[in-house]
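Readers should treat all values here as calculations from the given coordinates under stated rules, not as data from a laboratory. None of these values were measured; they are calculated from a predicted model. Don't worry about glycine lacking a Cβ; one is built from the backbone with ideal geometry, like all the others, and counts go over all protein chains shown.
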Amino acid sequence: MKALRVLGILILAAAMFVGDTDFVSTSTWGQDQKTIVKEHQQFIYTVVRVRHKTAGGSGVLIRSAKEDQDNFCNYVITNHHVVGSAIKHVKEYSTFTKQMEDKEKLDTVNVEIFRYMNTSKLMDRSVYDANILTYDKSRDIALLMFRTVKKLDFVAKLPAKGKAYYMLQEVYSVGAALSHKPVATRGQITSLDEKIENLPFFLCSSPIIYGNSGGATFLVDTGEFIGVPARIDALKTRFGSTDSVTHLAYIIPVDEVYKSLDRNGYGYVWDMKQNWVDCAKKRRAARQGATLKRLQDAKNKIGKTAIGGTSANDLFDPMPYDPMLEK
């Protein structure tokens, strides 16, 4: 049978939702209890399920800090395509500029955290409404944030930027496969220089499937988060059927996550040398600059001088909703 190689993006649709099943490890780790508990904390407890209406996938907690006067801010990395249904761009007519303008409308998404007793037995779960802080469609990355009264106990361990990785390093890939609570699979890094649409990917042999999108791949020996599962290979036959090749898992490298956060003004989420106040000021300055340019363009187009020398803040609040600036 002749088969064609095609690239499959992991997207979890409503029809794929299945009932929860308690996580059961079938591997023979041969490790002491302390090591097993530590691996649960690093690899299982840091991964969440992400949902929006009929679609969903996974996410990984990378920061929990008191950046709000009353609450802790918790940050989740996921794929853009996991939360894409919550992002809308529409055109609306502005009575001020007298022209159609692009507007961004962001819905909240659900982040579901699982808690366990006796290490592996599901105890309960909590669902939070999370804001989409920023996203990078080309890199397929999105950053979510939700608030809690208490600091979360477990977040992923982040490696240094530019750290070297090697083929045959052991990894776990963890995600809400087929909408189950986080499931871990083990494998190796098999390639470091894959390219899709001119963007870099790792290739790993730790099997993933629909619903793993947006989760996490970790180094076994250090416990570090090294990337985001995003795609798998698939084979398309001459009869039109498609078979997923789950052990050919494409992982967005963590350095690409860092670049995306830096570019969009959220570098403080991963870099301890940056702080959220300075990053928020940079985002506001960039948006004010864009708004003033838009006002100047509108002024030139309608031929009026009434707004000459007037700042954007004097005219109206030009800022899109930014959860990190709202109190």
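Below, the figures for the structure above:
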{"read-out": "Average Cα contact separation per residue, segment 136-215, under 8 Å, 6 or more apart, as relative contact order %", "value": "26"}
{"read-out": "Mean shadow area of segment 21-274, taken as a quarter of the surface of its Cα convex hull (nm²)", "value": "17.4"}
{"read-out": "Net length gained if the chain between TYR166 and LYS66 were fully extended (0.36 nm per residue, minus Cα distance)", "value": "32.4 nm"}
{"read-out": "Value of D in µm² per second that Stokes-Einstein yields for segment 76-172, Kirkwood Rh from Cα pairs, at 4 °C (1.567 mPa s)", "value": "75"}
{"read-out": "For segment 138-217 versus segment 55-78, the gap between their alpha-carbon centres in whole angstrom", "value": "16"}
{"read-out": "Value of D in µm² per second that Stokes-Einstein yields for segment 181-281, Kirkwood Rh from Cα pairs, at 10 °C (1.306 mPa s)", "value": "105"}
{"read-out": "Per DSSP, loop GluC sites (Glu not before Pro) in segment 121-206 with at most 16 further Cβ within 10 Å", "value": "GLU197"}
{"read-out": "THR119/LYS151 FRET efficiency (R0 30 Å; Cβ-Cβ; nearest 0.05)", "value": "0.90"}
